[in-house]
Every structure is written in structure tokens, then in C-alpha cells.
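One structure below.
Any read-out appearing in this document is the output of simple, stated calculations on the displayed coordinates, not a laboratory observation. Keep in mind the model is a prediction, meaning the values are calculated, not measured. Reconstructed Cβ throughout: ideal geometry from the backbone, glycine too, with neighbour counts over all protein chains shown.
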Amino acid sequence: MEGTHGTHDYLDDPRNAEILISVNGRLVPRAQAVVSVFDAGFVLGDGVWEGLRVTDGHPAFLEQHLDRLWEGAAAIALDIGLTRAEITAQLYRSLAANGMTGQGIHVRLMVTRGPKSTPYQDPRMSAGPSTVVIIAEYKDPLPSTVEHGLALFTVHVRRPAPDTLDPRLNTHSKLNDITACIQAYTAGADEALMLDPHGFVATCNSTHFFIVRRGEVWTSTGMYCLGGITRSNVLLLCAQAGIQARERSFSLTEVYSADEAFVTGTFAGLVPVHTIDGRRIGTGERGPVVARLQLLYRDLVRQDVAGRIAP
């Protein structure tokens with residue numbers, strides 16, 4: 001809907017038209033970066049992926065991202081076909097080829113089961129090897145989003161239980177989140193707030209959700225959301241800064257009376273939430289706890305990349 005946006009909206013950069021994209025280790029111009037129509041990722045959404053934020057030419061929290069990529073691949077019996085060192089080398093090669101040594105860079109790392117012998121779901125129909133694509137772009141979140149925040153809308157689309165589709169898997173199969181996103185923006189909000197199968201608050205369609213009540217930071221138990229890296233780092237920052245943080249079940253009743261709310265994600269870091277279901281949260285402005293955590297998180301990113309050396 002016109003006027004709505006999400007945490008992943010970004011400032012357009014004309015340099016992205018000329019980027020080189022890594023497709024199975026080959027750097028090719030954007031217009032030539034293609035995969036087979038038989039690829040398992042295209043046919044079935046069969047694959048895993050990571051989004052990485054780059055600062056000073058280095059992907060932040062790289063080890064955590066690779067841990068999650070390998071865990072997801074193991075869960076769906078996908079052979080990445082490369083070592084962590086080889087993936088890391090390809091990441092840095094993509095950044096170097098595009099001259100990306102500064103700030104405002106985002107990387108999408110995608111691994112699928114590769115081309116199939118026929119378009120059918122059985123993984124044994126995959127001819128292999130896996131397809132590995134790295135897209136590095138010049139992308140900065142909208143400053144207005146980071147400062148003023150988002151409006152959320154609670155959707156009827158629930159987060160699934162692990163025996164349906166484990167929500168901790170960062171797979172290419174995102175239709176559950178897409179339908180939630182559609183419902184939210186057609187309702188005039190920026191992103192969807194999603195409940196778990198029991199009706200408690202779980203997460204958002206593309207970010208993790210937090211509230212602040214009486215100086216305490218609350219987020220969901222984590223049972224029905226992706227194992228978020230920014231989420232875990234925010235909980236770590238709270239512990240280091242002496243801010244009481246709790247992973248617990250809570251309802252919309254407690255959300256509506258919160259003092260502050262915010263979402264977290266790799267792309268934009270921490271983003272305040274000013275409205276949920278048409279109800280103003282707190283003052284409707286970025287609160288002191290969110291502002292403090294934004295600064296602490298930026299410092300944590302700088303600390304992480306400071307000691308990195310390109311392979």
C-alpha cells in the first residue's frame with residue numbers, strides 16, 4: 001500500500017546497476033546472473049540463505065551467520081559443497097570485485113540444492129551440485145525508518161509449529177511470511193506482527209519483536225521464530241549494560257500497554273515501533289531504551305569488524 005514501508009526499504013543507489021554477482025564462484029554482471037529453471041531453489045524454494053551487513057569491508061558477525069547457514073543445511077540434508085573458508089573467500093572476493101570497502105553494504109548469501117533432473121520435490125531428483133549465489137549491494141536503511149520507526153499489524157497468519165515447518169530454519173520457503181506481509185501492508189501497516197500457535201506474540205514477518213515494560217526488555221521465548229543473530233546480540237547487550245531482559249510468553253494485552261517497542265534484524269539493526277494495530281505505543285516516539293540499544297549495537301558491530309582480516 002502506498003505510504004507503507006518495511007525495515008528492508010532502502011536508499012536507492014545507482015551503483016547497484018553495475019554490480020558483479022557471484023554465481024557458483026563466477027563473478028558476472030547483474031543482468032547475466034541467472035540460475036537454471038530446474039534449480040531446486042526456483043522450483044521448490046529448497047535452500048537456505050543468510051543476509052549479512054558489511055562495515056568497513058567486513059561482514060559483521062560472520063561466524064554466527066555461517067553457523068546458522070550450516071545448521072540449516074544440515075537440517076534439510078543439503079550438502080553445501082564448500083567449506084566455511086571457501087564460502088568466506090567467495091564473500092570477500094565479491095566485495096573486492098565491487099570495490100566495497102566502506103559502509104552501507106548488504107550481502108545476500110544463498111545456497112540451494114542445485115539443478116534437478118526433473119521438476120519434482122524429491123531431493124533425490126537433484127542432479128547437483130548445490131547452487132551458491134552471493135549478491136553484494138550498496139544498501140542503507142531509510143534514515144526515517146531507523147529514527148521514527150514502523151507501524152505493525154497483527155495478522156491472522158500464525159508462526160508454524162516445528163512439526164509443520166520449523167520456524168528456526170532460514171529457508172527459501174518464505175510463503176508463510178509473505179502472506180503475513182501482504183495482510184499487514186494491505187491493512188496500512190509496515191510489517192506483520194505474528195502470533196504463535198497458542199496466541200502469544202512470536203515475531204514479525206522479517207524481523208524479531210521486542211517490547212519495553214517498566215525498564216525491562218521482553219521478547220518471545222524464541223520457540224516460534226528464526227534464531228536471530230541481531231536478536232541474540234541485543235540480549236547480550238542488555239546483559240552487559242545491566243538492562244533486565246526476558247525471553248518469555250506474552251500477549252497482545254501486554255504489548256498494547258508497553259512503554260516502547262522495537263524490532264531487530266541484520267539489515268537495519270534496531271528499529272523502533274510507534275504503532276501496533278492502530279494503537280500508539282508509549283509516546284509514539286523512539287524511547288530512551290531503544291535509543292540506547294541502537295548506540296550499543298552500533299558499537300558492537302564496530303568492535304566485531306575491527307579485528308577482521310580479509311582472507
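Quick one: order 273, 155 by neighbouring beta-carbon count within 10 Å, fewest to most.
155, 273
Order of 100, 223 from fewest to most other C-beta atoms within 10 Å?
223, 100
Which net charge results for the neighbourhood of residue 75, defined as the other residues with beta-carbon distances under 14 angstrom from its beta-carbon, given Lys and Arg at +1 and Asp and Glu at -1?
Summing Lys and Arg as +1 and Asp and Glu as -1 gives -3.
Given only helices, namely DSSP H runs of n ≥ 4 each adding -39500 (n - 2.57), what is the per-residue ellipticity at 222 nm of the chain, to the nearest 500 deg cm²/dmol?
Roughly -8500 deg cm²/dmol at 222 nm, from the helical runs in the chain.
Over the chain, what is the relative contact order in whole percent, taking alpha-carbon pairs under 8 Å and six or more residues apart?
Relative contact order comes out at 20 percent.
Based on other C-beta atoms within 10 Å, arrange 181, 204 from fewest to most.
In order of increasing Cβ crowding within 10 Å: 181, 204.
Non-local amide H neighbours of residue 139 (under 5 Å, H modeled in plane, Pro and chain starts lacking H): which ones?
The list, which skips near neighbours in sequence, is 105, 106.
Quick one: 3J(HN,Hα) in Hz for the range 71-84, Karplus 6.51/-1.76/1.60 with θ = phi - 60°, rounded, Gly and Pro as x.
Working through the residues one at a time gives 5, x, 5, 5, 5, 9, 6, 9, 8, 4, x, 9, 7, 4 Hz.
Taking the Cβ of residue 291 as the centre, find all other residues whose Cβ is under 12 Å away and add up their charges (Lys, Arg: +1; Asp, Glu: -1).
0
Restricting to DSSP loop positions (anything but H, G, I, E, B) with no more than 10 other Cβ atoms inside 10 Å of their own Cβ, which trypsin sites (Lys or Arg not before Pro) remain in the range 202-247?
Those satisfying the criteria are 214.
Sequence-distant or interchain residues sharing an amide H contact under 5 Å with residue 150, placed H: which?
Hits under the 5 Å cutoff: 273, 274, 275.
If you fit an axis through the alpha-carbon atoms of helix 229-241 and take the longest principal axis of the Cα set of the chain, what angle between them do you get, 0 to 90°, nearest 10?
Around 40 degrees separate the two axes.
Can you give the longest run of the chain that contains no chymotrypsin sites (Phe, Trp or Tyr not before Pro) sitting in a DSSP loop with at most 16 other Cβ atoms inside 10 Å?
121-311
Taking square-rooted eigenvalues a ≥ b ≥ c of the alpha carbon gyration tensor, is the range 14-138 rounded, prolate or oblate, where a/c under 1.5 means rounded and, failing that, a/b exceeding b/c means prolate?
Oblate.
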